[in-house]
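Here is the structure we will look at.
The values are calculated or read from the model by the stated rules, or taken from the named source; none is laboratory data. As the structure is a computational prediction, the values presented were derived from the model and not from experiment. Here the Cβ is made from the backbone with ideal geometry for all residues, glycine too, and neighbour counts use every protein chain on show. Heavy atoms of the whole protein, side chains included, go into the accessibility calculation; ligands, DNA and RNA do not. Shrake-Rupley method; radii C 1.70, N 1.55, O 1.52, S 1.80 Å.
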Amino acid sequence: MSGPCREVVTLQLGHYSNFVGTHWWNLQDASLSYDPEDQLGEIQSDVVFREGQTRGGHVTYTPRLIAMDLKGSLRTLRQEGNLYDAGKDTTAVTWEGSLLMHKESPISKNPFLEDLDKLDGEILAKGFPAAGSLRVDTVNSRLAQVQKAYRLEGDVKVWSDFLRIHLHPRTISVIHQYNHDGEAHRLEAFGQGEALLQGPVLEELEDKLHFFIEECDYLQGFQVLCDIADGFAGLGSKVTEMLQDSYSGKGILTWGIAPVSHRDSSPVKNLYHMLNCTLATAELANHSSFFCPLTLRGGLGRRPSSPTTFPHLNFDPSLWFHSSAVLALALDALTVPYRLRNNSVPMWQMADSLAVSGRKVVAAYGAVPFPMMHGSSLPDALSACSDALPWKPLSACPEPGDRQCYSQWATLKGFEDQRLISSLAPGTEPASPLHSLHSGEDVLSSYIGSFYPSAPLALQLVSTPSKLTPPFPQIFRQSLDPQGFLQSQAPPFGSPAPLVKSVPVMTSLQSGPAIGTWLSELHRAASAFDIRRVAPSFLSQGPEMADYEEAMEQLGLMARCYRDSSGGTNRSSSEESDD
C-alpha cells in the first residue's frame, strides 16, 4: 500500500564516504522523476530529495544531505554551490580605500565538468524549464547524446570532480582545521575526530540538521555514511551519539566506509587505520539502529586478504573512483526497502528485524551485477548458480560456510522486462523446482531458503535498474550487454566492451554467527599489542586509556552476542581464547 513520504536525511562524513555518496547521488539523479503527480515510479525520490525554490522563483530539487570533508577537498566546487545564483542580488559594493590584489590561477576542470558547465550554461541562457522538470532531465538527455564514455581515472582527485548534481547551499561543511591531502594537519586518529564535534563545527552541524529536519513532514530517520579508517571514525561516533540523544525513535542506519588502500600507507598509518576501524565498529554500532561496514577490503586488519572481486567487473580496487562506484551500486539496492513508493518499510522496522538481542552489526553482500542472461528468466539465472550464492562480501566478512543466519534482507533490483517465473507449456516437466513456482518472490525465497533453511527472510524485488550515465566508470567486462545482462553469445575476441547504461544488482543484509567470528578476530588483532607502547601518539590525541579499554570490552561483548545458541560448534579459535 502507498503511504506518506517518509523523509530521510543523509550525512556523509569523510572523503571516501563522499566518493561513495557522489556516485550514489548520481545514480538517483539519472532516474529521478520530478513530476509530483507521477505515481508510476517504484522509487519515491522525494524520500531523499527536497523541493526548493531559487530567489528568482525557479523550482529546484536537491539532496537532503549534509556532506562533511576537510580543507582542500572541493577543488573546483564552491562550498555554497551555484544553483541559487539565479536571481541573486549582484549589486556592486564600492571601496574607496587602497587595494592589494592577489591573483591565483583557477584549477582546471576535467572534460566531464567542462561539458556539464556548457550544458548548464545553455539551459540557463534559454531560461529554466517549467516547474517540476528543472535542469536534470535536459542535462541527462544531452549527456546521453554526447556519450563520450569519459575516462576520468587520471583526472579524479576529489569527489567533486565527478559530481553531476547541484547541492543545496547548506549541504557542504568544510572542516578547516585539517587538510585532506599533504603531510601536515591530517585527521588521522579517532580522538581527533571526537574532539572536533564542539564549538563552530557542532553549531554548524546543528544548524544544517535543523534546516533539513524542520521541513520534513514525516522524518523516518538518518542514513550515515562515515569513513572508519581515519579520524572521521571519531567524528562519526559523536555525530551518531548526538542523533541518538536528540532524535530517539528515529532510524539511524550507519554505513562504515573504508577504501581498499590509501595512497600514503606506512606501517604506523596502517596500525592507525586498524585501530580507527576497531573503535568505529564498537562506537558506531552502539549509537546506531544498525552498523554495516561497506568495503571491498579483504579485512579490516593490518594485513587483509585480497580485495573482493566480481566475475563481470574489470576494475582497479586501489582506485577510489572505481571501488566507490561498486559500493554505490550495492548501496543503491541495500537502501531500496525504505525508499519505495509503495509497500516501503520504515528504517526502524528494517533495523529491528536485523539487530535482535544486541546484534547491531550486520554484514552486506552483493552480486554486482546480478548474472542474468537477456531474455531468460529468474529461475534460469538462479539455477545457473545453484552451487553457490551469486553475491560477494561487501563488509570484509566472509560468507558463512555453515549456512547459519539469524535474519536477512535480500533485494533484487533491475530485472526490468525479464521474466520472474518460467513459462512452461502444458505437460512440460519443470527443469528445477524453481521453474515450477508462480511468483518472483517465491522463486527468490525458495532459492535463498535452500542455503539458509531456518533464517527469517525479507525480500524486495524492484524492476527499475541502476541507471549508469556519464561519468560512471566503465568497469564492466565484455560479457555484459548495454543493459547489464549477460550476452547469449560471447563477443568476438578483441572487440571493445559495450557501453553499459544500466545494471541489475542483488544484495543481502545479514545477521549471523559469521559476524561474531569477524568481530572476535578484529578484537583479537587490536588486543595483540600494548597500545601505550606501540602507538602512544594515537592515545595522546584521545581517547583516554580507560575509554579505549571500555570500547574494546564492548567489542568483545558484542562478538559474544553472535554465538550460536543452538548448541553448535560455530566458534573460532579466537572466540575460544576470549573465554
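Packing around the peptides 244-257, 7-20, 296-309, 485-498, taken as the average count of other Cβ atoms within 10 Å per residue, puts them in this order, highest first: 7-20, 244-257, 296-309, 485-498. Can you grab the distance from the C-alpha centre of region 156-178 to the C-alpha centre of region 208-252, Å, no decimals? Here the answer is 18 Å between Cα centres. Within the accessible surface of the chain, defined with a 1.4 Å probe on protein heavy atoms only, the carbon and sulfur portion equals 51 percent.
Once a ≥ b ≥ c are taken as the square roots of the eigenvalues of the Cα gyration tensor of the chain, is the result rounded (a/c under 1.5), prolate (a/b larger than b/c) or oblate (a/b not larger than b/c)? Judged from the Cα gyration tensor, the chain comes out oblate (a/c at least 1.5, b/c at or above a/b).
Each part reduced to its alpha carbon centroid, region 324-386 and region 494-531 end up 14 Å apart.
Highest average first, the peptides 178-185, 416-423, 499-506 ordered by how many other beta carbon atoms sit within 10 Å of their residues are 499-506, 416-423, 178-185. Residue order by solvent-accessible surface for Trp348, Trp518 is Trp348, Trp518, largest first, with ligands and nucleic acids left out and a 1.4 Å probe. Between Glu183 and Arg560, the modelled label-to-label distance comes to 4.7 nm, taking each label 7 Å out from Cα in the direction of the beta carbon.
Take 149-159, 47-57, 269-279 and order them by the average number of nearby Cβ atoms within 10 Å per residue, most first; the result is 269-279, 149-159, 47-57. Counting only heavy atoms of protein chains, what accessible area per residue, in Å², does the chain have with a probe of 1.4 Å? Roughly 43 Å² per residue, with all protein chains present. When the helices of the chain are scored as -39500 (n - 2.57) per DSSP H run of n ≥ 4 and the total is divided over every residue, the value at 222 nm lands at -10000 deg cm²/dmol. With an a/c value of 1.5 or above and a/b not larger than b/c for the gyration tensor axes a ≥ b ≥ c computed over the alpha-carbon atoms, region 439-535 is described as oblate.
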